[in-house]
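Engineer: My questions all concern the structure below.
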Amino acid sequence: MYQHVDQEGFVLPYATGKVVCVGRSYREHAAELNNPVPEQPLLFIKPATSLAPLDAPLVLPRELGPVHHEVEVALLVGRRLCKATAEQALDAVAGVGLALDLTLRALQDELKGKGQPWERAKAFDGSCPMSPFVAPDLLSPLQQLDFSLTVNGSNRQQGNTGLMMWSMGELLADISHSFTLMPGDIVLTGTPKGVAELQGGDELVLTLDNKFVFEAKVAN
Ligand code: ZN
């Protein structure tokens, strides 16, 4: 079962809640999927049942179509945020980690084409493998974080949060005007370019701030 943990494996005192995801917050990823760049953050939600520990074998619904990885910086919310300012929102960040926003890409394209919501492609059980969370004061400033994903030793995605179209504070504040964020909720802040399909047996290495390294493996 999934629980929020810190980088030393200690369980953090926050319930598991919803995961609010931001789409197209990096220009080059919007371009690679031929999507327009939104004027306001594009949001969707994964339920708590989408969370899975990153270090357990990742079980993917590959029978439903290709499953793509999207590596994203994840923020753990430590305090209730409702209609917050960017400053209040930043103060409420209790931890920073890396998540995979797993996506059934062909199904998402089909749903997009029909103008339907993306949940069947984005919110399935296990669709949000989540790393441990690192306290923000152990990291570079939130808008200067390098992060990357390698699959079987080759570099797939490389990002820096300085390239986001909105700052972390702006994103959290904007979200909190649509949905109250509760302690234990997570915000996924969007993926840089390089999304691609995962295969059974793939070995993943996720790196945060050139300091914290998290490993994962896709189940066969
Ligand atoms: Zn994403």
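Derivation of every value follows stated rules applied to the coordinates shown; laboratory data play no part. Every value quoted in this text rests on a predicted model; they were computed, and no experiment measured them. FYI the Cβ positions are ideal-geometry reconstructions off the backbone, even for glycines, and counts take in every protein chain you see.
Engineer: Using Cα springs under 10 Å in a Gaussian network model of the chain, which residue among Gly115, Gly95, Gly201 shows the largest mean-square fluctuation?
Structural biologist: Top of the fluctuation ranking is Gly115.
Engineer: What does the charge dipole of the chain about its Cα centre add up to, to the nearest 20 debye, if the Cβ of each Lys and Arg holds +1 and the Cβ of each Asp and Glu holds -1?
Structural biologist: Value, rounded to 20: 500 debye.
Engineer: Right, here's the next one. Can you order the peptides 4-17, 131-144 by their average number of other Cβ atoms within 10 Å per residue, highest first?
Structural biologist: 131-144, 4-17
Engineer: Which number comes out as Rg/Rh for the chain once both Rg and the Kirkwood Rh are worked out on C-alpha atoms?
Structural biologist: Rg/Rh: 0.93.
Engineer: With a Cα-only, solvent-free Debye model of region 93-220, what are the log10 I(q)/I(0) values at q = 0.11, 0.13, 0.14 Å⁻¹?
Structural biologist: -0.44, -0.62, -0.72
Engineer: Continuing with this model, one more query. Could you tell me which trypsin sites (Lys or Arg not before Pro) in region 14-109 are loop residues by DSSP with no more than 11 other beta carbons within 10 angstrom of their beta carbon?
Structural biologist: Of the trypsin sites (Lys or Arg not before Pro), the ones in loops of region 14-109 whose Cβ has at most 11 other Cβ atoms within 10 Å are Lys83.
Engineer: Give me the net charge for the shell around Thr150: Cβ to Cβ below 14 angstrom, other residues only, Lys and Arg +1, Asp and Glu -1.
Structural biologist: With Lys, Arg at +1 and Asp, Glu at -1, the net is -2.
Engineer: For every other residue with a beta carbon closer than 14 angstrom to the beta carbon of Ser50, add +1 if it is Lys or Arg and -1 if Asp or Glu, then tell me the sum.
Structural biologist: Neighbourhood net charge equals -2.
Engineer: Right, here's the next one. Quick check on my link table: of Lys83/Lys114; Lys18/Lys114; Lys46/Lys83, which ones sit more than 24 Å apart, alpha carbon to alpha carbon?
Structural biologist: Violating the 24 Å Cα-Cα cut-off are Lys83/Lys114; Lys18/Lys114.
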